[in-house]
1. For segment 5-45, which residues satisfy the criterion of being closer than 16 Å to SER57 by Cα and either in contact with an Asp or Glu (Cβ under 6 Å, 6 or more places away or on another chain) or hydroxyl-bearing (Ser, Thr, Tyr) (or both)?
2. Taking segment 34-62 as the search range and keeping residues that are over 14 Å from the mean Cα position of the chain (by Cα) and open to solvent by less than 60 Å² (accessible area, probe 1.4 Å), which one is modelled with the lowest pLDDT?
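The values are calculated or read from the model by the stated rules, or taken from the named source; none is laboratory data. For clarity, every value in this text was computed on a predicted model and none was experimentally measured. Because the Cβ atoms are built from the backbone with ideal geometry, glycine has one as well, and the counts that use them run over all protein chains shown. The area values use the complete protein model at the heavy-atom level, side chains included, leaving out ligands, DNA and RNA. Shrake-Rupley method; radii C 1.70, N 1.55, O 1.52, S 1.80 Å.
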Amino acid sequence: MRAYSKMLSFVTHPKPKIRRFAQQAVTLVLNSCSSRTGSSDVAAQVSSLTAEFCLKSLSGESAEENAGN
């Protein structure tokens with residue numbers, strides 16, 4: 001999960017090529033976890049980790065926007 005967590009951090013990288021590669025990798029991991037029949041535990045962990053990251057990223061962006069106003 002550490003490697004996946006690190007991969008998620010690159011999803012918001014300032015460089016577009018790194019961001020695109022990270023987004024493709026996250027999509028690949030999520031698709032492969034959901035397509036496997038016996039990996040519901042892993043799929044649940046990966047999905048919840050992704051959701052937490054997205055919520056933190058969105059709340060961080062909105063806090064930065066409010067600070068600038």
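1. Selection gives SER5, SER9, THR12.
2. SER62
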